[in-house]
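Each remark here refers to the structure printed beneath this line.
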Amino acid sequence: MLTKRLIACFDVRGRYVTKAKQFQDNIDIEYAENMARTVYAQGIDEVIFYDILASAEKRRTDIDMVRRVAKELFIPFTVGGGVKTLSDMYEVLKAGAEKISVDSAAVRNPAIIQEGALAFGSQCVVLSMQVKRVEKTAAIRSGYEIAIDGARVFTGMDAVEWAKRGAGLGAGEICVNSIDNDGTHGGYDIEITEKVAAAVNVPVIASGGAGKPEHLTEVFTKTGASAAIISSMLYSPRLPKNYTVAEIKAELERAGVAVRPHVK
């Protein structure tokens, strides 16, 4: 049986992991490398770091941050934010990441997905999508629209169709982040996660809304997601309780979800 993956995802600005609710009201939490060290020691399966100011500041990903974090991790490590060209991808991988996440840049230039897959392999390219529930139209038949630039710009693109196109261009994974659920701690958007998982033949990562272990059980048992992102439930002062990776995996195992064993 294939095991489900738990992925710790952190937004970074400067040297700090920062947390927002629905892409607003950020608060700084901890140095990025310290957070990486903590979740690795707890037994997380993978880690994603997003340099959230890179695109807005029109610069590349903070390569120094990537190097610092990579030194703390011996598991798959994905980096996103400010990755617009093949050269950007190369620099991130050379700094210690195993995968590159593309989002807004891929919408503006879909060829970057294919170029990255051809140069480094599909397994290195993750297409991250920011999706929002909207009224169904002829153009947005799924009822979910793609947004870019930190959910500030809406594209008129249908989320499911974009996922299919991205997979066809060579993306090795699709990350589906719900704008509506992001930072709410009320659970993942099951509907769009399942729609995308059913439409593509590559692994799908559920993202946005996890607040307790039961939310992961729900997304893994009700959708075809291969992995799920957890973030603030690990550390946020906004939550009444934080969880360790071991606690989350234990709950999933009790629910009959196969996960990678926690190695102390």
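The values are calculated or read from the model by the stated rules, or taken from the named source; none is laboratory data. None of the values given here were measured: they were computed from a predicted structure. Note that each Cβ is placed from the backbone with ideal geometry, even for glycine, and that neighbours are counted across all protein chains shown.
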Given the conditions (1) outside any strand (DSSP E or B); (2) at pLDDT 85 or above; (3) out of contact with any Phe, Trp or Tyr (no Cβ under 7 Å at 6 or more places or on another chain); (4) not small (G, A, S), and given that L53 satisfies all but one, which numbered condition is not satisfied?
-> (2)
Exactly one condition in (1) under 16 Å from T184 (Cα atoms); (2) aromatic (F, W, Y); (3) at pLDDT 95 or above is not met by Y235; state its number.
-> (3)
Just one of (1) without any contact (Cβ under 8 Å) to a residue 40 or more places away in the chain; (2) touching a Gly at 6+ places or on another chain (Cβ under 9 Å); (3) among the aromatic types (F, W, Y) trips up Y188, so point out which.
-> (1)
State all residues of segment 231-244 that are buried (at least 18 other Cβ atoms within 10 Å of the Cβ) and more than 15 Å from F10 (Cα to Cα); if no residue qualifies, say none.
-> Y243
Determine which single condition Q123 fails, assuming it passes every other condition in (1) farther than 16 Å from V200 by Cα; (2) in contact with a Lys or Arg (Cβ under 8 Å, 6 or more places away or on another chain); (3) surrounded by fewer than 16 Cβ atoms within 10 Å (Cβ to Cβ).
-> (1)
Looking only at helices (runs of 4 or more DSSP H) that fall completely inside segment 62-150, which ones have 3 or more residues that are modelled with pLDDT under 95 and charged (D, E, K, R)?
-> 63-70
Can you tell which of I248, I192, I205 is within 20 Å of M35 (Cβ to Cβ), in contact with a strand residue (DSSP E or B) (Cβ under 6 Å, 6 or more places away or on another chain) and at pLDDT 95 or above?
-> I205
Do the conditions hold for K136, that is, is it more than 20 Å from I48 (Cβ to Cβ), of a type outside the set (S, T, N, Q) and touching a Phe, Trp or Tyr at 6+ places or on another chain (Cβ under 7 Å)?
-> no
Can we say V134 is touching a Gly at 6+ places or on another chain (Cβ under 8 Å) and over 22 Å from A227 (Cβ atoms)?
-> yes
Those residues that are part of a loop (DSSP other than H, G, I, E, B) and either at pLDDT 95 or above or acidic (D, E) (or both), I need them from segment 151-174; list them, please.
-> G170, A171, G172
Complete set of residues in segment 201-226 that are outside any loop (DSSP other than H, G, I, E, B), crowded, with 22+ Cβ neighbours inside 10 Å and either without any contact (Cβ under 8 Å) to a residue 12 or more places away in the chain or not β-branched (V, I, T) (or both) = A206, S207, H215, L216, F220
